[in-house]
1. Please list, ordered by chain and number, the residues whose modelled amide H lies under 5 Å from the amide H of A:ILE250; skip anything fewer than 5 residues away on the same chain.
2. About the Cα centre of segment B:2-101, how large is the charge dipole given +1 on each Lys and Arg Cβ and -1 on each Asp and Glu Cβ? Please answer in debye to the nearest 20.
3. Within a 10 angstrom radius of each residue's Cβ in A:330-342, how many Cβ atoms of other chains show up on average? Whole number is fine.
4. Counting residues in segment A:6-67 as N, plug N into 2.2 N^0.38 Å and put the Cα Rg over that result.
5. Apply 1/(1 + (r/R0)^6) to the Cβ-Cβ distance of A:GLN318 and A:THR348, taking R0 = 22 Å, and write down the FRET efficiency to the nearest 0.05.
6. Using Cα pairs closer than 8 Å and at least 6 residues apart in sequence, work out the relative contact order for segment A:235-361, in percent.
7. Under 5 Å between amide H atoms, partner at least 5 residues away or on a different chain: which partners does A:GLY355 have, H built in plane at 1.01 Å?
8. Taking every residue in B:28-37, how many Cβ atoms of other protein chains lie within 10 Å of its Cβ, on average?
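FYI, it's all coordinate maths here, none of it is from the lab. Keep in mind it's a predicted model, so treat the numbers as computed, not measured. Methodologically, a virtual Cβ is constructed for each residue, glycine included, from the backbone with ideal geometry; neighbour enumeration extends over all protein chains shown.
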Amino acid sequence: MSDVPTRLLRETLRARMTPASSSGCIDTETLAAWSDGTLRARDRAAAESHASSCPRCQALLAAMARTAPPAPARGWWHASTIGWLVPVAVAAAAVLLWINVPAKRTPPSVAAQQPASPVVTAPPVASADRRDESKDRERVPQQPAKVEEARPRAATGATRASARAEQANAASGGMRDAAVAPSSPTAPPAAAGPPPQVAATEPTPAQTSTDASTVATSRPLPPTRALTEQMRIGARAELMAKALAVPTVIVSPDANVRWRIAMGGDVERTVDGGGTWEIQSTGASTPPTAGAAPSPTICWLVGPRGLVVLSTDGRTWQRVPFPEAIDLGSIRASDAANATVTAVDGRTFTTVDGGKTWRAL
Amino acid sequence: MGAYSADLELARLCAEGDEHAWERFVREYRPLLYRAADALDRTQGAREIADSLYAELYGIKTTAGERQSLFRYYQGRSSLATWLRAVLAQRYVDRVRVQRRAEPLPDEEEAPARAGSRNEPDPDRARYVALVRQALGRAIAAMTPRDRLRLCCYYLQELTLAETGRVMNESEATSSRRLARSRLAIRRDVERQLRTEARLSDEQIAACFASVADDPGPLDLKQVIYE
């Protein structure tokens, strides 16, 4: 049997409309909150009830829908039918890891008991060391652990081949592998380019880079792997929040020069390997969450709502316009002109002219 | 509220006339506002509203020598970007509605009268059409406001399924499914009313639907969804 004709349906719907009176209509704040999904359920139900018979409010809602920015592409893991599988799979993976690596688990140490560890962003490297992950895991810290960062060894050559630097590179290389993916000891060096962010151990400024006998790992592997797993399932927003909870250190190719984003959002710089820190003003109202320093004088920082700032002299910062007010989670940069940022929704943008123009990848 | 504290702070500084804040606002939000304006009206009509909005946001209106900015109405219940879109949408919709009042009614509004005045070969046709209309009105009145709003978004505002889903805070597929379900529920309710209240037979009910089916209209849900 035939259906009710659409035209008749439209006429009937239109006939039910009450004359618009702006006094009872949805106000701007409510309309915006509706669109952002921040309206309380009760308020939303009341607004829906009104809008169902108000042509003006329907037109407003339609205008909001038409002008809404495109929703970020949702990963397959967001599908409602399999959404419950994600936490179950993560939990199962964590349990399996925990069971499978008991012998290699690092015993409790002073460092492991420390409440907060910084997130260290290693500088770009020309060739990254690949270490046997298990070897690093078996190291037992005898004292509060230290961290050093990977250095551009190929670029700097023998001048940086001191014993301290070698040990430090070994330490950071092991941590990087542990944080990203296990790799073969015979694997070829990575191509030139910035490595991923590394969740590393606690460096106090005085301890960092002063003691050649320090050991790299202080945290057992499973949490780091769990962190990697979280990244893989797309919990980037959570990572941003975590990044804000601990200092984020951005290391330049010169390990003495580094920036850090303190817990309050302040940006600080050291030129003496962490001995002293100088507070710098980026001019941004929101704290950055990640950065990259391709040289001792060049540093990029990114953060929420399209925040990108750049320093080309190591001291002052300029705001770099970004086309969208989206939360940016990470950045890779090779110099002051070339950078690639990744938003927390997974989209990637690149610039080749110091941020004057951005291109979505 | 806390989620938009940075936006609130920016709005506060702009309202106070902080030049740096205003520069930042213009740099970050003007592209967004223009994009929204273009989405509303490709003929630059909405851009004019967006431009005039800047004047009000900057606060050129003075009351007793004091600058008053539109920013003071922003309370941080949403992001500043969404609030700006909402302000723009209100200005635009109100302007369009005022313009439409001055225009003659479209042909569509005359359709019922035209249908009623048609020279019908079937003497029962007019009665059948009236019965279906009456039953349809009741069926729609019996729907939940949310279902009714979804129908209005799709059929009256002519939003796409994705846009309808955005309004209803549900996915495009869910909107499609629920619209189809609403259509089916309406159809069954109308049929039930014709059978139990108008006491029509199956043949008469079929004739009722045939009477109103000769003009399916430009938008057919079944066609959109299933074909």
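1. A:THR121, A:TRP259, A:ARG260, A:ILE261
2. 560 debye
3. Per-residue shielding by partner chains comes out at 0.
4. Ratio of Rg to 2.2 N^0.38 Å for segment A:6-67: 1.16.
5. Result of the calculation: an efficiency of 0.50.
6. 16 percent.
7. It is none; the list stays empty.
8. Counting other chains' Cβ atoms within 10 Å and averaging over B:28-37 gives 3.
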